[in-house]
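Have a look at the structure below before the remarks.
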Amino acid sequence: MNKVKFKLNGAGVREILKSDAAKSMCEEKARSIASACGPGYASNSYTGANRVNGMAYAESFQARRDNAKNNTLLKAMK
């Protein structure tokens, strides 16, 4: 078998990771996780230095307590 070598175009990969399509996918996933957790959970997204980031988090005290006790955010990611 022949070994295939290739070189990634770093600028192109960075452009894809920072694109609007990647941001909308991250936002959608974060929203679905937050909504699966119930009231008191929220989501957000931002563009970092290398890529788009999405996050779901416990916003209220009750949600933070629920997440600490039951790992709600972790379970909703599945």
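Summary table below
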read-out	value
Integer Hz, Karplus 6.51/-1.76/1.60 couplings in order for the range 62-70, x for Gly and Pro	4, 5, 4, 5, 4, 5, 5, 7, 10
Probe 1.4 Å, protein heavy atoms only - accessible area per residue of the chain in square angstrom	81
Calculated from backbone phi, Karplus (6.51, -1.76, 1.60) coupling profile of the range 45-60 in Hz, x at Gly/Pro	8, 8, 9, x, 5, 10, 7, 7, 10, x, 9, 10, 8, 7, 8, 8
HN-Hα J in Hz across the range 16-31 - Karplus 6.51, -1.76, 1.60, θ = phi - 60°, x for Gly and Pro	5, 5, 9, 6, 5, 5, 5, 5, 5, 5, 5, 4, 4, 5, 5, 5
Carbon plus sulfur fraction of accessible area for the range 1-60, probe 1.4 Å, in percent	54
Ser19 long-range amide H proximity, modeled H, under 5 Å	none
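The values are calculated or read from the model by the stated rules, or taken from the named source; none is laboratory data. Just so it is clear, the structure is predicted and the values come from calculations on it, not from any experiment. The accessibility values were calculated without ligands, DNA or RNA, using every heavy atom of the protein model including side chains. Shrake-Rupley method; radii C 1.70, N 1.55, O 1.52, S 1.80 Å.
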